[in-house]
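Report on one structure; see the data block that follows.
The values are calculated or read from the model by the stated rules, or taken from the named source; none is laboratory data. Here the structure is a predicted model, which means the values were calculated and not measured. Cβ atoms come from the backbone with ideal geometry, glycine included; neighbour counts cover every protein chain shown. With ligands, DNA and RNA removed, areas are computed over all heavy atoms of the protein, side chains included. Shrake-Rupley method; radii C 1.70, N 1.55, O 1.52, S 1.80 Å.
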Amino acid sequence: MKKTVPLIVGNWKLNPVTLSDASDLAKAIARKQKSISEPYVAVAPPFPYLAEVGKKIAKSSVQLASQDVYFKNIGAYTGEVSVLQLKDLEVEYVIIGHSERRAMGESNEDVRQKVLTVLKHRLVPIVCVGERERDDQGNFFTFIEDQIRNLAEVLSVAEMKKVVLAYEPIWAIGTGNTATAEDVKEMQIFIVSVLTRIYDRPTAKSVRLLYGGSVTPQNATELHKEGDMNGFLVGGSSLKAEDFSDIVKAVVQS
Ligand code: 13P
């Protein structure tokens, strides 16, 4: 995966509520991406739809992502999904530590275990970080730094280089309150500087950064061009093939 090629991931969250709608959405997205190999595009449907969505996108360049994983591979863990099962379904990316999961009790330790499991099995972890709110003193920067340091404690240089970090400020998720391109650029510089202090500059430069939080076809151009990240993690706007494809086009053209 070349970092110079942007990555756009659609996180469907708990949508849609029927297999048939999931299948239609996957088909529509695949059709729109059929002849496009760059940027990289992936969709993360709910677990029960992974196999079907995988079939619908198989002949396109769209890749499969999952919204979570468990850190144990097999055994008595009711309700969990293993990385081996994801791998068998040809999932390529795994979203880990989404703020909606952290709000349900997922800890930094859980996130670390999941990232290590996913890396061990050669899938790409997309690790979410993001502050609940912004304050005038800039304490939110410390919060983001702590989330990154917590992860970095268990990752070697080689492992960190394989991680995708998604900056998703919680106040911007599903609210329509997108971060400004300036906020995104500032965070991009900050994250690179944190990674440089922990590792070194080449490592920091090779970690792919995504922005997520109320990305739409209308704001994607400016956010991508001026925010200077390497792609997007899209929620609501990934549920309409037209909007999702317009975001991909905006990235291509900006
Ligand atoms: P929205 O695009 O709906 O704000 O969601 C962002 C998100 O949480 C993606 O993971």
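The figures follow:
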{"quantity": "Residue tally, condition open to solvent by 60 Å² or more (accessible area, probe 1.4 Å) and on the phi > 0 side of the Ramachandran plot, over region 81-124", "calculated": "2"}
{"quantity": "Qualifying residue in region 156-171 (condition: touching a strand residue (DSSP E or B) at 6+ places or on another chain (Cβ under 9 Å), of a type in the set (G, A, S) and closer than 24 Å to R134 by Cβ)", "calculated": "yes"}
{"quantity": "Boolean, I148 is surrounded by fewer than 18 Cβ atoms within 10 Å (Cβ to Cβ) and away from the ligand (no atom under 16 Å from the Cβ)", "calculated": "no"}
{"quantity": "Output for region 78-131, where each listed residue is part of a helix (DSSP H, G or I), of a type outside the set (S, T, N, Q) and in contact (Cβ under 8 Å) with a residue 60 or more places away in the chain", "calculated": "E100"}
{"quantity": "Pairs where the first residue, in region 154-181, is in contact (Cβ under 8 Å) with a residue 12 or more places away in the chain and over 19 Å from F140 (Cα atoms) and the second is part of a loop (DSSP other than H, G, I, E, B) and near the ligand (Cβ under 9 Å from one of its atoms), C-beta under 9 Å, 6+ apart", "calculated": "G174/K13; G174/G213; G174/S214; G174/G235; G176/S214; G176/T216"}
